[in-house]
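For reference, the structure is listed below as structure tokens.
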Amino acid sequence: MNCFTLDLAPDGLGKLTGYVQEPSSELSNMNKRPALLIFPGGAYQRCSDREAEPVALSFSAQGFQTFVLRYSVKEKGVFPQPLLDAEGAIRALRTHAEEWNLDPNRIAVCGFSAGGHLASCLATMSAPELRPNALVLGYGAVDKKVALTNRPFPLERVGPDTPPTFLFHTWEDPVCPVGGSLAFAQALNQNGVPFELHIFQNGQHGMATGKPLSSNGVLENTDADYSDWIRLCANWLFHQFGSFETPGRQFSYLTVEGEGRFHGGIQLGDLLRYPEAKEVILKYLPEIERHSMPRLVSRYSVPQYSKFDPATLPPERAEQLAKELEALPYKG
């Protein structure tokens, strides 16, 4: 994993921390990952560490490229500066999409409390090219009852172009009333925007992941039911973005006799039964008959073996091997 921090402006306003997972030949179906950009809460006075890295790493484990924006706060956090920081973070993700191995059209923003206010402002007020593709609001400060002086009220700006939204909250929250999430969901519904809403009965404000890691040693910051929001949210995001590609089968079950010809999609163990095919295969895989896992590799087709051991059989050589097999006559 490549971890880094990027200053989004020369005056130091807005810092983007990335947790970028590198491409791997053994994770070939996970290239161009979806991304989750996290805005911690903190009443625009700070950015809570409890709602930053623990959340990022939880979603990294689900396969997302994750980022945390520490946006401008206190005297530097006068609007629209935090929103400019958020727009700069989105711009950075889409500009560096190739370098950071992410899909620029599958970016979700997740905001907690005041960070939820900022995330919903980004999703409802920014230009279309600077909005996320999905929005996640954790006990977001989107209700007028929450005192966020001299800041916009994003609930009034929800429209048909607001991205699909996942909301979670606790009924007991004494700081950001649950009514804010309920009202936001109602506004989404009125505008025909898909959403998913989870209200957990128990839990105070600022629960973060709901697990001991992010609890700061406070028992009331942990709740097993509430902590399930991470799994629910990841599943919802995969419904929105699509999951990682997986083949229908890991192994080839095709045989030469069944196919009536030679080709690269047939399992290698069956191909090796034919002297003419064996001669071709040994040109490319001279050690295959002495492989340490013979039962495993015998079930692979040529492309599957290439994925299994690309150092021995790179994709271009696998294509050559397949072409030579296809050129062999089969007499039945």
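The values are calculated or read from the model by the stated rules, or taken from the named source; none is laboratory data. Just so it is clear, the model here is predicted, and its values are computed rather than measured. Neighbour counts run over all protein chains shown; Cβ positions are idealised from the backbone, glycine included. Just so you know, the surface numbers come from the protein's heavy atoms only, side chains and all, with ligands and any DNA or RNA stripped out. Shrake-Rupley method; radii C 1.70, N 1.55, O 1.52, S 1.80 Å.
Potential lengthening of the chain between Lys283 and Glu326 amounts to 14.0 nm, from the contour at 0.36 nm per residue minus the alpha-carbon distance. Rounded to the nearest 20 debye, the dipole size of segment 158-309 about its Cα centre is 680 debye, using +1 on the Cβ of Lys and Arg and -1 on the Cβ of Asp and Glu. Counted by Cβ distance under 11 Å from Ser298, the other residues give a net charge of +1, where Lys and Arg count +1 and Asp and Glu count -1.
For Lys323, the lysines whose Cα comes closer than 27 Å to its Cα, not counting residues fewer than 8 places off in the same chain, are Lys278, Lys283, Lys307, Lys331. Overall shape of the chain was characterised from the C-alpha gyration tensor. The equivalent ellipsoid obtained from it has semi-axes of 51, 20, 18 Å, in decreasing order. Residue by residue, segment 266-283 carries 3J(HN,Hα) couplings of 7, 4, 4, x, 6, 4, 5, 6, 9, x, 5, 6, 4, 4, 5, 4, 5, 5 Hz when phi is fed to the Karplus relation 6.51 cos²θ - 1.76 cosθ + 1.60 (θ = phi - 60°); x denotes Gly or Pro. Stretched out straight at 0.36 nm per residue, the stretch from Asn105 to Arg231 would grow longer than its current Cα-Cα span by 43.2 nm.
Using the C-alpha atoms of segment 190-332, what convex hull volume per residue, in cubic angstrom, is computed?
Details: hull volume 31.4 nm³, N = 143.
Roughly 219 Å³ of hull volume per residue.
Summarising the amide proton neighbourhood of Ile38: residues at separation of 5 or more, or on other chains, whose placed amide H is nearer than 5 Å comprise Phe67, Val68, Leu69, Cys110.
The length gained on full extension between Asp309 and Asn31, counted as 0.36 nm times the residue separation minus their Cα-Cα distance, comes to 98.3 nm.
Send over the semi-axes of segment 135-263's equivalent ellipsoid, whole angstrom and largest first, taken as the square roots of 5 times the C-alpha gyration tensor eigenvalues. Kindly include the intermediate steps, with their values, before the conclusion.
Numbers: eigenvalues 352, 95, 21 Å².
With the √(5λ) rule applied to segment 135-263, the semi-axes are 42, 22, 10 Å.
Extending 7 Å from Cα along the Cβ direction at Arg249 and again at Arg157 yields two label points whose distance is 5.4 nm.
Accessible surface for segment 74-134, divided over its residues, is 35 Å² per residue with a 1.4 Å probe.
Calculated [222 nm] ellipticity per residue, helices only, for the chain: -8500 deg cm²/dmol; basis is -39500 (n - 2.57) per DSSP H run with n ≥ 4, divided by all residues, nearest 500.
Sorted largest first by accessible area at a 1.4 angstrom probe radius, with every protein chain in place, the residues Met125, Met30, Met207, Met293 fall in the order Met293, Met125, Met30, Met207.
The packing ranking, built from the mean of other Cβ atoms within 10 Å per residue, places the peptides 179-188, 320-329, 115-124 in the order 115-124, 179-188, 320-329, highest first.
Out of all DSSP beta bridges with both ends in the chain, state the antiparallel percent to the nearest 5. Walk me through the intermediate numbers first.
On the way: 11 of 36 bridges.
Close to 30 percent.
Amide H contacts for Leu6 (H built 1.01 Å from N in the peptide plane; partners 5 or more residues away or on another chain; cut-off under 5 Å): Leu16, Thr17, Gly18.
Let's see if you can work this out: charge +1 on each Lys and Arg Cβ, -1 on each Asp and Glu Cβ, no other charges. What is the dipole magnitude of the chain about its Cα centre, in debye to the nearest 20? Write down the numbers at each step before the final one.
Working: 30 positive and 37 negative charges, 16 e Å.
It works out to roughly 80 debye.
In degrees from 0 to 90, rounded to the nearest 10, what is the angle of the helix 179-190 Cα long axis to the longest principal axis of the chain? The answer is roughly 60 degrees. By the equivalent-ellipsoid construction on the alpha carbon gyration tensor, segment 21-92 comes out with semi-axes of 29, 14, 6 Å, ordered largest to smallest.
Straight-line cross-link reach from Lys15 at under 18 Å between alpha-carbon atoms covers these aspartates and glutamates, not counting any fewer than eight positions away in the same chain: Asp7, Asp49, Glu51, Glu53, Glu75, Asp85, Glu87. Taking the Cα centre of segment 52-202 as reference, the dipole from Cβ charges on Lys and Arg (+1) and Asp and Glu (-1) amounts to some 320 debye. Distance from the Cα centre of segment 177-195 to that of segment 88-158, in angstrom? Going from one Cα centre to the other spans 16 Å.
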